[in-house]
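Worksheet: one structure, shown below.
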Amino acid sequence: MSPNDTLPIQLYISSTDLLRWGNAMNKRIILVAASLLAWVILALAGYQLSRLGEYLLGARTMLIAASIVATIAIVMLLGQYLAGTADYYLSIENPRPLDEEEDVITSKIWGFASQASRSYVPGLAGQGFADIRLFADRTQVLTTFATFGFSRSVKIAWRGNAGQHPLGEA
Amino acid sequence: MMPVVDITDASPGERWNNYHKSGYSILKKRFALRSAELDPGRTDVAEGAVAVRNWLMDARDKGVPVRPVGGAWSPSNIQTVRGGWMLNTRRFNRCFKIAQADLAAGIDLDARELMLVEGGTQIDEINDRLESKPMRRSLRSSGASNGQTLAGACATGTHGSVLEAGGIQEHVVAVQIVTPDDIFWIEPASGVMGDSFIAATGSTTTLRDDEVFAAAQVAVGCLGVVTAMVIRTEPVYLVRPYLKLIDFSREDLETLARGDFLAFANNHGPTEDEGGPCGDLYFVMVVANPHKPFGRATVRLLYKTEWREDHVPVKEPGKLGQGYDSFTMLGWALRTFPWARGWLVRTIMHLAVGKGIRQPIFGTWGETTELHKPLADIFTGALFCGRADLTRAFPLACTAFTEAGGSTAVTMRFMKGGHGLLSPARWEDTAGIDFDGPCGDATEAAYLKIVEALDSAAIAFTRHWGKFNHLDADRVARDYGDDLAHWKRVQDRLLPNIADRSLFATQELRHLGLI
């Protein structure tokens, strides 16, 4: 059986789909809870650090230092946010594009693990890509920030190439 | 290779978007038609045609509506089917030379002028094959962009833009259409291809009939699946583009409406310092600001000249473009600052034109077409009227459009009409008025105001099948009259059974009264 001669498309939602959806929802809840916990711990740590700084440097110096660090951090975050939604695009020369497809790839644990909804693209077997686009939407960038980079999702959009045939004889 | 295959990565309920993401459908299943890579070309066409017929029979047995789609280029939803099967034809995209022996006996035609093109071949691919060796031929005209398939562009009557040429379907001299019961080879009554060649393409019925051929030239996807076409071309040539901002006056409009293009070009075309015309005037386009139709406007002229063997291909077609990509020009600013529409359109036109194209550069016809790229969130509508009516239609359309809050540029182009019963360019001398820009509710509503204004002024006009048009069955019947009746008679010949016609009865085509 060739890669293109696969089984017909599934036209109903099976119990396996429901189980998969349930597992995804569980993972999302755990991620949100873990992120909230990290935010609380870091807020407490920051508070303790400010008290220590005030004790060592004095209130005014500590306020100036904290303001400088906060300004730089906020601008860095804003820059990261804007750059994070950028569109990266690569195309072959003289492309012959087919319909656009899209998938989300999520990197977990700061890049130690990544996961796509599928591991390969059967429809493109034997023909290759015309162009590829990589980008993240605003929600994905904000999720990356909120989870301190633990979970980072990006979208990959691609179009297969229809192929370029030389002129033949009729 | 199997010519028709499932595209297996479509999940239930997944939205399929058209090329510009201006329309979508939720499909039961997607399929792809691809070349079996057989030689000679007639056997490859035959393999594809038989596979499509089997696919159609399967769909008919299951009671599923179908829609073939090529470049998925049309911003309207005319190419979509809901809850049906879609057949993407883009990989059925080979082109073939034709030998003199393949032509009908006694026909006065040079086979070197012809090319056999499979149903999924893009205009860009045709330009590449035609203009390079050994063909060294060119299309006579095409739309501004090159991402459509030839079959799709013909199906929607995509207008050309050359003064002495018609729509892109003008190139077609024979067409193969597949239905569940038959594979038709359709030609004018005078004939083109020989019987043995036609039989070798898998065709089971040959129709040499002018009425059937005129219906098939602009089929709007309602006569079957187009699997192959034979096109007639002309020797390769070069064009010299010229672009600049001008003060467009009411007198200029009258000159254009009279068809005195040479006088218009003499007023606004290249001066001796700019190298002079360098050829015969071939194409005229005026892009105006509807907020001030008689004011600053962009004019683009193309002059046709002979091919030179030392021609260096132009890598950046934007520098030559016969078309006008107003979408990127107008951008988000018009949506964000609707109160400044008039000023924005004018300013952006100035910025986009810059110094214009004033010094002689040359390109082939294919090099002038714009690269295929998605233009998300666009509005694009096109009206056609008799050129003589332009002096009334243009100011009326601009006024109605801007008063209702429309914010796109307005482009005028000129062409010959005919070539197909349902060709929207219906007048011998036709003017096309395009409204291209960012999408928005106000712009869509304003477009309808143009329709009302032109109707009130009793100006006859038609609308592009593949662009936003808000057509319905009554209006289509009124616009096309007897030609629609003839077209439906042909449809009854090609699809005699209700079950066959139901196969192509998508929501959109039923709404248009075409099936």
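The values are calculated or read from the model by the stated rules, or taken from the named source; none is laboratory data. Computed from a prediction, not measured in an experiment: that's the story for all the values here. Virtual Cβ from ideal backbone geometry, glycine too; neighbours counted across all protein chains shown.
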Looking only at segment B:1-17, which residues are at the interface with another protein chain (Cβ under 9 Å from one of its Cβ atoms) and at pLDDT 75 or above?
B:Trp16, B:Asn17
So, B:Ala32, is that one part of a loop (DSSP other than H, G, I, E, B), within 11 Å of another protein chain (Cβ to nearest Cβ) and not aromatic (Phe, Trp, Tyr) or not?
no
Starting from segment B:102-129, keep only residues that are within 20 Å of B:Leu87 (Cβ to Cβ), then list their pairs with residues that are of a type in the set (A, V, I, L, M, F, W, C) and part of a helix (DSSP H, G or I) whose Cβ atoms are within a distance under 7 Å, requiring at least 6 positions of separation or different chains.
B:Val117/B:Ile126; B:Val117/B:Leu150; B:Glu118/B:Val45; B:Gly119/B:Ala151; B:Thr121/B:Leu150; B:Ile123/B:Leu150; B:Ile123/B:Ala153
Suppose the filter is outside any loop (DSSP other than H, G, I, E, B), over 15 Å from B:Thr368 (Cα atoms), modelled with pLDDT of 95 or more and in contact with a Leu (Cβ under 8 Å, 6 or more places away or on another chain); does B:Ile198 pass it?
no
Positions within segment B:41-69 being out of contact with any Pro (no Cβ under 7 Å at 6 or more places or on another chain), within 16 Å of A:His165 (Cβ to Cβ) and buried (at least 17 other Cβ atoms within 10 Å of the Cβ), in sequence order:
B:Gly41, B:Arg42, B:Asp44, B:Val45
I'd like to verify a number: residues in segment B:403-461 that are charged (D, E, K, R) and within 17 Å of the chain's Cα centre (by Cα), how many?
5
Within segment B:170-203, which residues are closer than 16 Å to B:Leu114 by Cβ, within 14 Å of chain A (Cβ to nearest Cβ) and surrounded by 22 or more Cβ atoms within 10 Å (Cβ to Cβ)?
B:Ala174, B:Gln176, B:Trp185, B:Val192, B:Met193, B:Phe197, B:Ile198, B:Thr201
Given the criterion among the basic types (Lys, Arg), modelled with pLDDT of 95 or more and more than 21 Å from the chain's Cα centre (by Cα), identify the matching residue among B:Arg240, B:Arg232, B:Arg208.
B:Arg208
Based on this model, can you work out whether B:His311 counts as assigned to a loop (DSSP other than H, G, I, E, B) and within 19 Å of B:Pro395 (Cα to Cα)?
no
Pair list, Cβ < 8 Å and 6+ apart or interchain, from segment A:142-155 residues that are without any contact (Cβ under 8 Å) to a residue 12 or more places away in the chain to residues that are assigned to a loop (DSSP other than H, G, I, E, B)
none
Residues (within 30 Å of B:Ala32 (Cβ to Cβ) and among the basic types (Lys, Arg)) located in segment A:55-108:
A:Arg96
Helices (runs of 4 or more DSSP H) wholly inside segment B:337-410 that include at least 2 residues being charged (D, E, K, R), at pLDDT 90 or above and in contact with a Cys (Cβ under 9 Å, 6 or more places away or on another chain)
none
Could you tell me whether B:Ile107 is away from every other protein chain (no Cβ under 14 Å) and part of a strand (DSSP E or B)?
no
Matching residues, segment B:221-249, being more than 24 Å from A:Glu169 (Cα to Cα) and in a loop (DSSP other than H, G, I, E, B)
B:Gly221, B:Cys222, B:Leu223, B:Gly224, B:Phe248, B:Ser249
Of the residues B:Pro68, B:Pro75, which is away from chain A (no Cβ under 12 Å) and assigned to a strand (DSSP E or B)?
B:Pro68
If you take the residues of segment A:155-170 that are part of a loop (DSSP other than H, G, I, E, B) and not polar (S, T, N, Q), which of them is farthest from the other protein chains (Cβ to nearest Cβ)?
A:Pro166
Mind checking which residues of segment B:35-47 are within 13 Å of another protein chain (Cβ to nearest Cβ) and touching a residue at least 12 places away in the same chain (Cβ under 8 Å)?
B:Ser35, B:Ala36, B:Glu37, B:Pro40, B:Gly41, B:Arg42, B:Thr43, B:Asp44, B:Val45, B:Ala46
Restricting segment B:82-103 to residues that are within 14 Å of another protein chain (Cβ to nearest Cβ) and in a loop (DSSP other than H, G, I, E, B), which is surrounded by the fewest Cβ atoms within 10 Å (Cβ to Cβ)?
B:Gly83
Any chance B:Arg510 is charged (D, E, K, R), modelled with pLDDT of 95 or more and under 24 Å from B:Arg82 (Cα atoms)
no
Filter segment B:453-491 down to residues that are free of Cβ contacts under 8 Å to residues at least 24 places away in the same chain and aliphatic (A, V, I, L, M) and give me whichever is surrounded by the most Cβ atoms within 10 Å (Cβ to Cβ).
B:Ala485
